[in-house]
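Comments concern the structure below.
The values are calculated or read from the model by the stated rules, or taken from the named source; none is laboratory data. Keep in mind that this is a model prediction, so the values were computed, not measured. With ideal geometry, Cβ positions are generated from the backbone for all residues, glycine too; neighbour counts draw on all protein chains shown.
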Amino acid sequence: MNKKVNNLNATGLILPLIILLAWHLSVQSGMFPPAILPPIGDVARAFLNMMESGLLVGDILVSLTRVLRGYLLAIFAGVTLGTLMGTSKHINDFFTLTLNSIRQIPILAWIPLIILWLGIGEESKVAVIFLAAFFPILINTISGMRSTPKGLVEVAALYKLSGWMTFKKVYFPSALPQIFVGLKLGLGISWVAVVAAELIAASSGIGFRISDARSMMEPDVMIVGMISIGVLGVSMDKALTLILERITPWKK
Amino acid sequence: MNKKVNNLNATGLILPLIILLAWHLSVQSGMFPPAILPPIGDVARAFLNMMESGLLVGDILVSLTRVLRGYLLAIFAGVTLGTLMGTSKHINDFFTLTLNSIRQIPILAWIPLIILWLGIGEESKVAVIFLAAFFPILINTISGMRSTPKGLVEVAALYKLSGWMTFKKVYFPSALPQIFVGLKLGLGISWVAVVAAELIAASSGIGFRISDARSMMEPDVMIVGMISIGVLGVSMDKALTLILERITPWKK
Amino acid sequence: MRGLSIKDLNKIFSTNCGDVTALKDINLDVKKGEFVTILGHSGCGKSTLLKIIAGLESASSGSITYSETKISGPGTDRGMVFQEHRLLPWLTIDENVGFGLINESRAVREKLVTDHLKMVKLDGFHKAYPHQLSGGMAQRAAIARGLVNNPEILLLDEPFGALDALTRIQMQKEILKIWESEKTTMIMVTHDIDEAIYLGQRIVVMSAGPGKIRSVINGDSYESKDRGSLEFARIKKQILGYFFEEENINPEYMI
Amino acid sequence: MRGLSIKDLNKIFSTNCGDVTALKDINLDVKKGEFVTILGHSGCGKSTLLKIIAGLESASSGSITYSETKISGPGTDRGMVFQEHRLLPWLTIDENVGFGLINESRAVREKLVTDHLKMVKLDGFHKAYPHQLSGGMAQRAAIARGLVNNPEILLLDEPFGALDALTRIQMQKEILKIWESEKTTMIMVTHDIDEAIYLGQRIVVMSAGPGKIRSVINGDSYESKDRGSLEFARIKKQILGYFFEEENINPEYMI
Amino acid sequence: GCTAGGGNDSSADDLKEVKLGYPIGANDFIDGVGGLALELGYLEEELEKEGFKLNSQGFTGAGPAVNEALASGNIDFALYADFPGIVIQSRGIDTRLISIVNTQGHAGIVVGDDSGIESVADLKGKKIAYPRGTFIQKYLLQALEEYGLSEADVELINMTTDAEAALVSGDVDAIAYTDGVIANLAFEKNIGKIINTSRENDDWTGAFVLIGRSDFIDGNEKAATAFLRAFIRAKEYAVENPQSAYEIFAEKSRISIETAEYLYGSDDGAFEFFSLEIEPLGLDKVSSNKDFLINEGLIQNDFDVYQWGDNSYYEEANR
Ligand SMILES: Nc1ncnc2c1ncn2[C@@H]1O[C@H](COP(=O)(O)OP(=O)(O)OP(=O)(O)O)[C@@H](O)[C@H]1O
Ligand SMILES: Nc1ncnc2c1ncn2[C@@H]1O[C@H](COP(=O)(O)OP(=O)(O)OP(=O)(O)O)[C@@H](O)[C@H]1O
Ligand SMILES: [Mg+2]
Ligand SMILES: [Mg+2]
């Protein structure tokens, strides 16, 4: 098990190294202007500066809090509603059309309405992240619930398990792997949405830093922000994978 | 079957009607300023104007083309790579870390690099949509491939089916329902990304129109744009559902 | 009547090749405490009949009552062992066996589960997951699950199909022991004629296309429980006769 | 040697309850054209042995060769019918049965599929999907799939477990017919002692914990094919003797 | 990019493409003299005379995308506020300041109608939304100072988008934004009143500039001159027909004629603020804006604005 994890890391590092090399060579060759793709050294320096000043850690903490709040809300709402919609045709019919429509609407278009309803404080930023993470979780939960083997649901029916127990013992564990697909997608999208969220009256946060660096043409700071989000996202994704492995011991 | 579809539509309309009513009442009560939430009548008028001038149809066609190009590319790349990663541990190890990192990075942060590499023409807009739609498709394809029953893969191995035939006859049909979950999510996100895409040097398209109306404080035009995207998205989503039902006749 | 009463039962499935009549005009009464076995060709509707009794499928027409009450869904008075094991992949074997005992106290549940796992010779596999068991072991676990909460009627759908000869004999004896001590009403589908005669007080022979009851044979005499007896051979011949009616196979060949 | 040769084969699975030795020191030679049946307790490793022969599982140690070549994976020379039907849910029955004939021309495939579906009495279900069949019907389709591409060795893992008595007899006769006409080497796991004696030229009796070969019995005489003969009864008693060695059951009881 | 649209028009094919980028807020239109030159077709005409074909492209969401396109060579000229121009030059992209098209880019502060706020002095303790990193930031700080307030006396909230929604919902008390936006809020949408604008003090105004990539201009000097010629013609048009100029602005920006007059009629149709020329006064303004950016820590690299500006194209165009 442990060995497997290490193996994965080694193979997984090849491609990032190739990308770093390509980046280095293309900057060296002068192919790309450093105002957009800076030398790796500049990015490293920007990283160190931002670490020293505490800016980066501060931004990360601020954004992490927002992401976690929005994401956890999305998990709660997505899994709950997804379960109801995946197991009851009536509830499904009631919500499908509306949610399907809302799902397609650009997040940036929601921002004025979100400000109107929730103001410009943390709530509205959390709402943007919620809105982004909610749908992957919802849809995967619905699909996971639906693909629960009918034979096993019959077993629960046979033993007259309550709705709740049937959910807990049959639907939920059966849907779990696919719910986790939703959780992973939702987590990724939460980080993607953090920039949109921090367009709303923010003065810190990693998404704000990226927008700000962009308008000031500081690609080194921007790339530090992108890499930070990448690393954070991957760590949280890895944590999800480990949790899934831990809670689904029957999958080998 | 036909009756089922009609039933669904009727129940599905209740919630939208409730929302319309709430909208109407809250505007009437003066709770929300019309500069942000306009009366339904204004939106209808804006819709008629935009239809008459041909603006709406033009915008829709422009954006639809972009969405379709990005989305189809994402399907091609996501399903191909997802199949490879879902069936081969080596390929999976090679790509996972990199793709997982890229997945978390905000789309808005990519825009400078996309402009650098692909310019400000259609390619870059298609790339933004591709980037958004690719990951849900990829991740669901991987997960679908992985959950193919081992017993059935053994049957294919027994008959010495080639890798391609094993894919075609076993992995693909088994993963199909979950691939479609990815396709649906990817489609939704394509429409969400259309605004971000059309922030790059666009002068038409429904995403451009929304941004434009937003900066001009024309919420009626904005809402027409949102509803258009909603309707388009739902229709395409419905089409996907019908295709899935058509190509998986074994699912009742 | 105390017991199960099935009247003019029909069951029609609609499929993409048109409607399939799985059961046609089934009439059957099963007294409380009786042991009925069901024999019949593959596809004649045996599983469907058990599922309807269990309340998992609804009848297309006809009535089905238990203790004078219409059956409209599952009930804890009826237990079932399915043709496939249907163990929950995410539960360990002891959790699977204890599945029907969720409302019991932990101690009671553990005791019952341990006893039943011992009975089906799966002690030592308490914490294994279903995919780590062989086909026969999984089916034995499923039988333990069906027995553990002691239902009034136990519906058994080819429960011993995947068992080896020895385990099978042991399980048959266990079932008889339970039947005698608990007075459980047993309805068992089997494709082993010997087993049907050995276990059943009455043997229901079904014919296919559409699924109907061809005959109900009394096998309750002391004699008929002795596999070497003439009575046993007579009943077997009679059953084979029904089976081979449409075929040109000599039943003698089999005995 | 032309045929299958298994030497000092061991198979160990590692599970969350520690390692399980599924097979220990298996030695067995099967001549070309031979019909070998395998009997043994549930969980003694019969399915695992067949999967290793098929090339679907690898051995932990020991060697296994066919026609002097080491078996290192599946081959079209070996076919298998699994304990579970393993039909592909998304293919209709005729597509499932024709699954191993992908390289044949359409006409050949259709002819072969139609013939084999008739043989297992599933004509009329060409276009049905697996979930619309009863358990026995699905298993019959799986048998047709195993036979249709005429392998040199056919591995059968309790193929008739889910069949009713009549179909079972018919299928046994079909298998014998095919064996005689095609000279297919047959290795069949069964839990029906009568079936093992009736079909097998040699009967391999396995014992469990860990899975070993207890004995190999010759059952190739004309006499032993007659279920009423003394020879048949003698062999059956011998096998039950092995089975009941560890138990206190009187084998007489069963005969 | 596939630009070969009409393959049989040989004269059009011979023309060299010149790509102009500018930020747009409304209807693919840039305010001011540049917009007028584009709208009247002067720009296209002048460029064609010199053997160039115009490809103009609006960028939604302002500054950054225009700069990225300029830095990566996807556009050759940019027409926008001096701030993003200063940013890109400071980032080491070699550009040239060709024209200061407007020396009086205005900004203002708008508050809710019944907020009770009458002047900047009343903003003490209030929340003010403003777009960080633009000349409005500078204007706001200067205006506050003028009325005896410091940054610490108010709550400044960075909002590059959707500030109006925050004003309407009461989440902020005031918005500082460009003249066009606040006029739209106050006069068109009627959701607030203007309490201050940069008209009060010429020091508070911003500048709008035309810059070009040096590596494009070298060898294509005539294109830069053509830009100036077109702008000069547009200014002349506006001075001669102020009413039609207002009408064009009103129509393209979807505002009323009164608002257009408010925005462009500060010198009664003289349009002096369309300076076009790079004269010392304009350069001083740009230079002080650059100093502001450096002092605020928004850019790091200093450069000489007076070297950056190159008035030769204006002179050439006037010849
Ligand atoms: N994938 C696996 N992981 C762990 N243990 C396994 C696995 N497959 C089989 N085993 C173990 O190997 C042993 C032999 O299993 P096998 O399926 O070969 O038995 P069998 O003889 O076919 O039994 P049955 O007659 O019940 O089908 C059992 O103890 C089982 O628990
Ligand atoms: N869900 C279903 N949809 C359509 N047809 C079905 C369905 N379930 C069963 N059938 C049909 O009903 C008939 C009876 O099926 P059933 O499973 O009850 O047979 P059985 O007697 O249990 O057979 P076996 O001994 O093979 O298990 C079969 O013809 C089968 O094809
Ligand atoms: Mg059945
Ligand atoms: Mg087995």
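Being within 9 Å of chain A (Cβ to nearest Cβ) and either modelled with pLDDT under 85 or surrounded by fewer than 22 Cβ atoms within 10 Å (Cβ to Cβ) (or both) is the filter here; which residues of the stretch B:197-212 pass it?
Correct list: B:L199, B:S211.
Do any helices (runs of 4 or more DSSP H) lying entirely in the stretch E:190-309 carry at least 1 residues that are within 16 Å of E:V33 (Cβ to Cβ) and out of contact with any Phe, Trp or Tyr (no Cβ under 8 Å at 6 or more places or on another chain), and which ones are they?
E:221-240, E:242-253, E:280-295
Suppose we filter the stretch B:64-111 for residues that are hydroxyl-bearing (S, T, Y) and either at the interface with chain A (Cβ under 7 Å from one of its Cβ atoms) or buried (at least 23 other Cβ atoms within 10 Å of the Cβ) (or both); how many remain?
4
Is it the case that B:F167 is over 25 Å from the mean Cα position of the chain (by Cα) and touching a residue at least 12 places away in the same chain (Cβ under 8 Å)?
On the way: over 25 Å from the mean Cα position of the chain (by Cα): yes; touching a residue at least 12 places away in the same chain (Cβ under 8 Å): yes.
In short, yes.
Specify which of the listed residues (D:H131, D:H85, D:H126) is in contact (Cβ under 8 Å) with a residue 12 or more places away in the chain, within 12 Å of chain C (Cβ to nearest Cβ) and within 16 Å of ligand 4 (Cβ to nearest atom).
Only one candidate passes the filter, namely D:H85.
From the list D:T167, D:T190, exactly one residue is over 28 Å from C:D19 (Cα atoms) and within 19 Å of the chain's Cα centre (by Cα). Which is it?
Values: D:T167 fails: over 28 Å from C:D19 (Cα atoms).
Answer to the check: D:T190.
Can you tell me which residue is farthest from D:Q83 (Cα to Cα) among those in the stretch C:99-120 that are surrounded by 20 or more Cβ atoms within 10 Å (Cβ to Cβ) and touching a His at 6+ places or on another chain (Cβ under 9 Å)?
Selected residue: C:V113.
In the stretch B:112-123, how many are more than 7 Å from every other protein chain (Cβ to nearest Cβ) and either among the β-branched types (V, I, T) or buried (at least 23 other Cβ atoms within 10 Å of the Cβ) (or both)?
Of the residues in the stretch B:112-123, 1 are more than 7 Å from every other protein chain (Cβ to nearest Cβ) and either among the β-branched types (V, I, T) or buried (at least 23 other Cβ atoms within 10 Å of the Cβ) (or both).
Residues of the stretch C:144-194 being of a type in the set (D, E, K, R) and buried (at least 20 other Cβ atoms within 10 Å of the Cβ), which ones?
Step one: list which residues in the stretch C:144-194 are of a type in the set (D, E, K, R), which gives C:145, C:152, C:157-158, C:164, C:168, C:173-174, C:177, C:180, C:182-183, C:192, C:194.
Correct list: C:R145, C:D157, C:E158, C:D164, C:R168, C:D192.
For the stretch A:7-24, does any single residue satisfy the condition of being loosely packed, with under 14 Cβ neighbours inside 10 Å, at pLDDT below 90, in a loop (DSSP other than H, G, I, E, B) and out of contact with any strand residue (DSSP E or B) (no Cβ under 8 Å at 6 or more places or on another chain)?
No, there is no match, as no residue in the stretch A:7-24 is loosely packed, with under 14 Cβ neighbours inside 10 Å, at pLDDT below 90, in a loop (DSSP other than H, G, I, E, B) and out of contact with any strand residue (DSSP E or B) (no Cβ under 8 Å at 6 or more places or on another chain).
If you go through the stretch D:108-128 one residue at a time, how many are over 23 Å from D:L156 (Cβ atoms) and within 9 Å of ligand 2 (Cβ to nearest atom)?
Total satisfying the criteria: 1.
Give the stretch D:55-99 a look and list any residue that's among the acidic types (D, E) and farther than 21 Å from D:G161 by Cβ, or say none.
Matches in the stretch D:55-99: D:E68, D:D77, D:D94, D:E95.
When only residues in the stretch B:228-240 that are touching a residue at least 40 places away in the same chain (Cβ under 8 Å) and more than 8 Å from every other protein chain (Cβ to nearest Cβ) count, which is nearest to E:Y22 (Cα to Cα)?
B:S228
Determine whether the stretch B:168-176 contains at least one residue that is within 14 Å of B:G86 (Cβ to Cβ), surrounded by fewer than 22 Cβ atoms within 10 Å (Cβ to Cβ), at pLDDT 90 or above and within 12 Å of chain A (Cβ to nearest Cβ).
Looking through the stretch B:168-176, at least one residue is within 14 Å of B:G86 (Cβ to Cβ), surrounded by fewer than 22 Cβ atoms within 10 Å (Cβ to Cβ), at pLDDT 90 or above and within 12 Å of chain A (Cβ to nearest Cβ).
Anything in the stretch D:133-158 that is under 20 Å from C:I12 (Cβ atoms) and modelled with pLDDT of 85 or more? List them, or say none.
Those that are under 20 Å from C:I12 (Cβ atoms) and modelled with pLDDT of 85 or more: D:L133, D:M137.
If B:M217 satisfies every condition in (1) within 12 Å of chain A (Cβ to nearest Cβ); (2) surrounded by fewer than 24 Cβ atoms within 10 Å (Cβ to Cβ); (3) assigned to a helix (DSSP H, G or I) but one, which is the exception?
(3)
Considering only residues of the stretch C:217-245 that are surrounded by fewer than 16 Cβ atoms within 10 Å (Cβ to Cβ) and of a type in the set (A, V, I, L, M, F, W, C), which is nearest to C:D8 (Cα to Cα)?
C:A233
Among (1) more than 14 Å from every other protein chain (Cβ to nearest Cβ); (2) among the aliphatic types (A, V, I, L, M); (3) over 18 Å from E:N289 (Cβ atoms), there is one condition E:I98 misses while meeting the rest; what is its number?
(3)
Suppose the filter is buried (at least 20 other Cβ atoms within 10 Å of the Cβ), under 24 Å from D:E182 (Cα atoms), within 12 Å of chain C (Cβ to nearest Cβ) and within 14 Å of ligand 1 (Cβ to nearest atom); does D:I53 pass it?
When the stated conditions are applied, D:I53 does not pass them.
Where in the stretch E:133-185 are there helices (runs of 4 or more DSSP H), lying wholly inside it, with at least 3 residues that are surrounded by fewer than 19 Cβ atoms within 10 Å (Cβ to Cβ)?
Values: elements: E:135-146, E:163-168, E:179-183.
The qualifying helices (runs of 4 or more DSSP H) are E:135-146.
All but one of (1) under 30 Å from B:R146 (Cα atoms); (2) modelled with pLDDT under 95; (3) of a type in the set (G, A, S) hold for B:A77, so report the exception by its number.
Failing condition for B:A77: (2).
Scan B:V79, B:V43, B:V67 and give me the residue that is touching a residue at least 40 places away in the same chain (Cβ under 8 Å) and closer than 24 Å to A:L183 by Cβ. Step through it out loud before you land on a result.
Working: B:V43 fails: closer than 24 Å to A:L183 by Cβ; B:V67 fails: closer than 24 Å to A:L183 by Cβ.
Result: B:V79 is the single residue among B:V79, B:V43, B:V67 that is touching a residue at least 40 places away in the same chain (Cβ under 8 Å) and closer than 24 Å to A:L183 by Cβ.
Can you tell me how many residues within the stretch D:1-13 are assigned to a strand (DSSP E or B) and out of contact with any Phe, Trp or Tyr (no Cβ under 9 Å at 6 or more places or on another chain)? Walk me through how you get there before you give the answer.
Residues of the stretch D:1-13 that are assigned to a strand (DSSP E or B), as a first pass: D:3-13.
Next, only the ones that are out of contact with any Phe, Trp or Tyr (no Cβ under 9 Å at 6 or more places or on another chain) stay: D:6-13.
Counting residues in the stretch D:1-13 that are assigned to a strand (DSSP E or B) and out of contact with any Phe, Trp or Tyr (no Cβ under 9 Å at 6 or more places or on another chain) gives 8.
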